[in-house]
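The values are calculated or read from the model by the stated rules, or taken from the named source; none is laboratory data. Owing to the predicted nature of the structure, the values given are computational and were not obtained by experimental measurement. FYI the Cβ positions are ideal-geometry reconstructions off the backbone, even for glycines, and counts take in every protein chain you see. Keep in mind that these areas ignore ligands, DNA and RNA; they rest on the heavy atoms of the full protein, side chains included. Shrake-Rupley method; radii C 1.70, N 1.55, O 1.52, S 1.80 Å.
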Amino acid sequence: MNFYVLTLFPDMIEQGLNTSITGRALEKGLLTLKTVDIRDFSEDKHKRVDDYSYGGGAGMIMAPGPVYRAHQYVEQYINARKRAAENTGAGIEEVQSINKKTRVIYLTPQGNVFNQSMALKFAGEEDLIFLCGHYEGIDERVLEMIVTDCVSIGDYVLTGGELPAMVMMDAIARLVPGVLNNDASAEFESFQDNLLEYPQYTRPEVFMGKAVPEVLLSGHHAKIEEWRKEQSILRTAKTRPDLLEKAELTKEELKFLRDYLE
Ligand code: ADE
């Protein structure tokens, strides 16, 4: 998985991603990251990238030119990279994808709200370009020309798209095979089947008078599975009833839920 980020704050992205699990994945080459500083593509003598809003208004708008040129640069970079892979005998898929337009994700509170199924969909791509805005946003014309997906990470407004891009890259990266030590696909996770994850415990068996639920010590795998599923259902019912509507439950699980709700 290759991440490309068009941003005014490349250091923020580099430092964030070069840490912890994504940092290790970058070292191993399971992920690559290239940040592109939009300011480098300004043709203004003071390297300005923003300007006043047509029609008036308080905030400044990112001008289309630098964003357009930064995107062109990154597209060319991706194609050159694919051609180099072709010459070193890379897989046929890589060669076939030369000149295929790479998805460009614009981070904006006006986008579709990010979720786990979007993360799964994006994890299937070979290359992803993230476009981070600042100030009051980016001139609409360049967005219409280059953006394929507008994504929000929630109903609140941040100062820029860098943190949302990092959130997305983290969620996508952990779905790339080998990034997590465990086999993530085999494990139950929150949002799988539209349920939240059950509670987890480790040693000691009793902590400040609070014991681990007995069923987990029983060694009875079927009972443990049943208990975990019930806990998932309860948690989801309490905090995310909207998700539960989409969950597929067995007859027994539905009865368990009804008994709880009564
Ligand atoms: N930029 C500012 N706020 C944002 C949000 N909530 N999601 C994505 N991009 C943003």
Using alpha-carbon pairs under 8 Å, 6+ residues apart, how would you state the relative contact order of the chain in percent? 19
Whose amide H sits under 5 Å from the amide H of Tyr106, counting only residues 5 or more places off or on another chain, with H placed in the peptide plane? Leu131, Thr148, Asp149, Cys150, Val151
Could you list which residues have their amide H under 5 Å from that of Met60, counting only those 5 or more apart in sequence or on another chain, with H placed in the peptide plane? Glu136
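Nearest 20 debye, what's the magnitude of the dipole of the chain about its Cα centre given +1 on Lys and Arg Cβ and -1 on Asp and Glu Cβ? Spell out each step's value before the answer.
Values: 29 positive and 41 negative charges, 61 e Å.
So the dipole magnitude of the chain works out to roughly 300 debye.
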A correct Karplus calculation of ³J(HN,Hα) over segment 242-249, with 6.51 cos²θ - 1.76 cosθ + 1.60, θ = phi - 60°, whole Hz and x for Gly and Pro, returns 4, 6, 4, 4, 9, 6, 9, 10
Radius ratio Rg over Rh of segment 2-173, counting only Cα atoms, Kirkwood formula for Rh: 0.97
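Rounded to the nearest whole Å², what accessible area per residue is found for segment 30-80 with the 1.4 Å probe? Each step should come with its number before you reach the end.
Details: 2880 Å² over 51 residues.
It amounts to 57 Å² per residue over segment 30-80.
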Per-residue HN-Hα couplings for segment 25-37 [Karplus 6.51, -1.76, 1.60; θ = phi - 60°; Hz; x = Gly/Pro]: 5, 5, 4, 6, x, 6, 10, 10, 9, 10, 9, 10, 7
Which of the peptides 77-88, 145-156, 33-44 is most tightly packed, and how do the rest follow, going by the mean number of other Cβ atoms within 10 Å of each residue? 33-44, 145-156, 77-88
In a solvent-free Debye calculation with one equal scatterer on each Cα, what is log10 I(q)/I(0) for segment 188-261 at q = 0.11, 0.19, 0.26, 0.27 Å⁻¹, listed in the order of the q values? -0.31, -0.83, -1.21, -1.25
For Asn2, the residues 5 or more places away or on another chain with a placed amide H closer than 5 Å to its own amide H are Thr32, Asp127, Leu128
Can you tell which of Gln15, Phe207, Trp227 lies farthest toward the positive end of the dipole of the chain, using +1 and -1 charges on the Cβ of basic and acidic side chains (Lys, Arg; Asp, Glu)? Gln15
Considering all alpha-carbon pairs of segment 1-94, what whole percent are spaced by more than 17 angstrom? 63
